[in-house]
Every structure is written in structure tokens, then in C-alpha cells.
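To start, the structure itself, in C-alpha cells.
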Amino acid sequence: MSHRILVLDLGGVIVDVDFSRFGRMLAEKCDKTPEAIAARWSQGPEKDELDRGKLTPVAFCDAVVGWCEPGPIRREDVFGAWSDVFAVKPEAAAFLAQLPPCEGELDYSLWCYSDTDPMHTAALFSRLAPLRRFDERLLSWQNGKLKRDPGAFEPLVELRNVGSPVLFVDDRQENVDAAHRAGVRAELFTDWPDLTPRLVDFLHHGHAASEP
């Protein structure tokens, strides 16, 4: 059996992301509402540019500071609030902790693939111990492409082309569809009780329910 590659999204699959917390923390220091702050900066062109590595963290934080004026918000405040929006899903932590060792016929590696930025990357992997279980990381800010672009899956296509079964799991249908268009097996995440048996089957046998 060939070496299997299991690739998991982070936000929405492994961790919960609460941008309302970001909004609440900054709203304490300016006249914007938490809802307005979260809605403005958790999505949109600046976040896309940040996630694609086209906008630096400093430039992003300064843009938030400028938008929040008047108020005593500093770049450091934005950085701290932006980095404090994650919590590991208990079911995901249990799955990662219970993964069997890679030995004998059980030959696999565990990857994560996230549309994310340098600030979130540092927060995720320095603060959340279960994430250290991943063997490899694919990060949008390093490869310049978001997962809704089929071209973002070129590294996984290369692995598939040399004979490694690959399974990608994400909670967004547009990302699953992009993976399928690239020729990569993909599953839409709904919940861990539903997903876990399929992942175990893939790790042991290389099977995946959803073919591109």
C-alpha cells in the first residue's frame, strides 16, 4: 500500500474561529461596535490579501487602526486581538491524540491546509498543542493562493501523481469543489462523529468516499 496523505483544514474542522472575540476586544477601545469590527475585518479584500501573503501583518494591523480611529488603538492591540480567536474542537483533539503511529502497513502522514496568515499561524502552532501532531503544513500566505482556487492544490496533485492516495477535508463546499476540479479527493466536513470512521478507513486502506 502506498504512503497515504491525509490533509485537514484547520478553521472549522480542527479549531473553532470566533472573530466576534476580535471585535469585542477592539470595541473596548474605540467607538465601533464589536459586530461592525468583526464583519469588516474577518472577510473582504484586505483579509484575502493578507491570507495570500500580498499584505503584510504590519500593513493589515495599521489598516485596522486607521479604520477604528478615533480611539487609542495601537498596532499591538490589533495583533493581540487577531491572534486570540481560536479554540481546538474537543472531538478534533481526541482524534489527533488517538491516531495510531505510522508503522508497518499503516503508512501515512498528516497534513494541514489552511487559508491563513502569519499572525494566525504563529498563534495556532505556538498556543494549541494538538496542532503539533501535523507532519506538514500547507499555508495560503506561503503559496499565494486561496483554497477556492484549484491551483492551490498543485502540491497535492503532485503527490497523487506519484502514487500517494490523498484525501483533503474542508468545511467549505467551494474549497471541496476546487479540490475536485484539481483532481484531488475531498470530503466536506460536517461533524467529527460522521467523519472519523471515514478517516480511519482512509488511513488503513486508502479509501475515500468522494472521488473527484
Short version: ³J(HN,Hα) in whole Hz for each residue of the stretch 189-206, in order, from phi by Karplus 6.51 cos²θ - 1.76 cosθ + 1.60 (θ = phi - 60°), x for Gly and Pro, what are they?
-> 6, 10, 7, 6, x, 6, 7, 3, x, 5, 5, 4, 4, 5, 4, 8, 10, x
Reach of K29 by Cα under 14 Å, taken over aspartates and glutamates that are not fewer than 8 positions away in the same chain | E69, E76, D77
Rg in Å to one decimal, and Dmax rounded to a whole Å, for the chain via C-alpha atoms = 18.4, 62
Name the long-range amide H neighbours of D107: under 5 Å, sequence gap of 5 or more, or other chain; modelled H, no Pro or chain starts.
-> R4
At a Cα cut-off below 14 Å, give the aspartates and glutamates reachable from K89, other chains included and same-chain residues fewer than 8 away excluded.
-> D9, D16, D18, D171, D191
Using modelled amide H (1.01 Å from N, peptide plane; none on Pro or chain starts), what sits under 5 Å from the amide H of T116, excluding residues fewer than 5 places away?
-> S140, W141
Find the cysteines in the chain that fail to meet the 4.7 Å Cβ criterion with every other cysteine, and list them.
-> C61, C102, C112
Given backbone amide H placed at 1.01 Å from N, residues whose amide H is under 5 Å from that of E187, ignoring those fewer than 5 places away on the same chain, are F168, V169, D170
Given 105-111, 171-177, the highest-first ranking by average Cβ count within 10 Å works out to 171-177, 105-111
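If we count every other residue with Cβ under 13 angstrom of E46's Cβ, Lys/Arg +1 and Asp/Glu -1, where does the sum land?
On the way: positive: R40, K47, R52, K54; negative: D48, E49, D51, D62, D117.
Around E46, the charge tally is -1.
Quick one: net charge of G144's neighbours, Cβ under 10 Å, K/R +1, D/E -1?
Once all neighbours under 10 Å are counted, the net charge is +1.
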What does the helix-only formula give at 222 nm for the chain: each DSSP H stretch with n ≥ 4 adding -39500 (n - 2.57), the total divided by the residues, and the result rounded to the nearest 500 deg cm²/dmol?
-> -13000 deg cm²/dmol
Partner lysines for K147 [C-alpha distance under 17 Å; skip if fewer than 8 residues away on the same chain] | K47, K54
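Throughout, read-outs are computed from the coordinates displayed, never taken from laboratory work. Note that this is a predicted model, so its numbers are computed, not measured. Here Cβ is always computed from backbone atoms with ideal geometry, including for glycine, and neighbour counts include all displayed protein chains.
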